[in-house]
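Engineer: The structure follows.
Just so it is clear, none of the values below were taken in a lab; they were calculated from the coordinates. Treat the numbers as computed from the prediction; the structure is a model and nothing was measured. When we count neighbours, we look across all protein chains shown, and the Cβ atoms used for this are built from the backbone with ideal geometry, even at glycine.
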Amino acid sequence: MDGKFLQAVSGPAGILGGIALVLLALVVTADVVARGMGFALIGAAEIGGVLLALLVFLPLAYTQHLRGHVAIEVLVSALPRRLRRWADVASLLICAAFSIVLVVGCGETAWDSYAQQEFQVGTMSFPLWPVKAVVAIGFLLLSIQLVIQLIGALLVATGRRRDDQDEPSLPQTTL
């Protein structure tokens with residue numbers, strides 16, 4: 001599996017996460033307005049929980065592809081370039097291992113939820129396994145992205161591939 005395939009999958013997953021964010025804002029706003037008028041929207045909390053899972057876990061891989069997750073680089077940036085490359089390898093290895101553990105755990109939880117026909121009980125009743133499966137899928141995509149980046153970082157650290165930082169970069173533009 002190459003990076004282009006993953007990007008073709010994780011990009012739309014990130015877009016779905018963004019759509020979930022907009023829908024969550026609409027649901028919460030509608031619920032607040034309704035409560036201000038003296039009544040509650042049935043199922044707003046449950047729908048909000050589902051949308052929250054979608055917006056958090058689906059974009060994980062795409063955000064990692066962009067290297068957009070929060071990183072603290074104070075210590076690493078003080079290291080010589082060669083050690084920074086190996087620190088990147090170590091970091092990606094730890095993150096990939098942790099993410100793979102989460103894929104297994106979340107996948108098992110989703111499967112158990114499906115097998116037991118587990119339902120959310122509240123003002124609205126709906127099956128929980130699809131939401132749990134989304135969490136597992138999000139971690140699966142993240143794990144694949146981390147492994148791809150780990151392989152690339154290993155190639156750079158061992159000198160088998162040029163570092164992108166060695167080439168002059170074009171200035172980034174924003175709209």
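Engineer: If I fit a long axis through the Cα atoms of helix 44-57 and take the longest principal axis of the Cα atoms of the chain, what angle between them do I get, 0 to 90°, rounded to 10?
Structural biologist: That works out to roughly 10 degrees.
Engineer: When only C-alpha pairs under 8 Å and at least 6 residues apart count, what is the relative contact order of segment 3-160, in percent?
Structural biologist: Details: 173 pairs, mean separation 48.4, N = 158.
Once normalised by length, the contact order is 31 percent.
Engineer: Under 10 Å, Cα contacts only: if you run a Gaussian network model on the chain, which one of Val32, Val74, Val50 comes out with the highest mean-square fluctuation?
Structural biologist: With Cα springs under 10 Å in the chain, the top fluctuation among Val32, Val74, Val50 is at Val74.
Engineer: Figure the gain on full extension for Leu16 and Ile72 (residue separation times 0.36 nm, minus the Cα-Cα span) and round it to one decimal in nm.
Structural biologist: Values: separation 56, 0.36 × 56 = 20.16 nm, distance 2.79 nm.
The Leu16-Ile72 span can extend by a further 17.4 nm.
Engineer: Amide H of Phe126: which non-local residues (sequence gap of 5 or more, or other chain) have their own amide H closer than 5 Å, using H built in the peptide plane?
Structural biologist: Gln120
Engineer: In addition: Enter the angle in degrees (range 0 to 90, nearest 10) between the Cα long axis of helix 81-115 and the first principal axis of the Cα atoms of the chain, meaning the one along which they spread out most.
Structural biologist: 30
Engineer: Now for a different question. In whole Hz, what ³J(HN,Hα) sequence does segment 65-76 give by Karplus (6.51, -1.76, 1.60; θ = phi - 60°), x for Gly and Pro?
Structural biologist: Once rounded to whole Hz, the list reads 4, 7, 6, x, 6, 5, 9, 9, 10, 4, 6, 5.
Engineer: So, one more: Along its three principal axes, how long is segment 55-129 when you only count alpha carbons? Whole Å, largest extent first please.
Structural biologist: If we take the Cα atoms of segment 55-129, the spans are 56, 22, 18 Å.
Engineer: What number, in nm² with one decimal, is the all-direction average of the projected area of the convex hull of the alpha-carbon atoms of the chain? The partial results should precede the final answer.
Structural biologist: Details: hull surface 55.1 nm².
In nm², the orientation-averaged hull projection of the chain is 13.8.
Engineer: Among Phe139, Phe119, Phe57, which one shows the biggest mean-square fluctuation in a GNM of the chain, springs joining Cα atoms closer than 10 Å?
Structural biologist: In this elastic network of the chain, the residue with the biggest mean-square fluctuation among Phe139, Phe119, Phe57 is Phe119.
Engineer: Top mean-square fluctuation among Glu108, Glu73, Glu118, Gaussian network model of the chain, C-alpha springs under 10 Å?
Structural biologist: Maximum fluctuation in the GNM of the chain, among the listed residues, is at Glu73.
Engineer: Can you list, largest first and rounded to whole Å, the semi-axes you get for segment 7-68 by taking the square root of 5 times each eigenvalue of its Cα gyration tensor? All intermediate terms of the calculation are to be shown ahead of the outcome.
Structural biologist: Values: eigenvalues 176, 16, 12 Å².
Semi-axes from the Cα gyration tensor: 30, 9, 8 Å.
Engineer: Something else now. Tell me the label-point distance for the pair Phe98, Arg160, using the 7 Å Cα-to-Cβ offset, in nm and rounded to one decimal.
Structural biologist: 2.6
Engineer: Taking a spot 7 Å from the Cα of Phe39 along the direction of its beta carbon, which residues of segment 109-141 have an amide N less than 17 Å from it?
Structural biologist: Counting only backbone N, you get 123-124.
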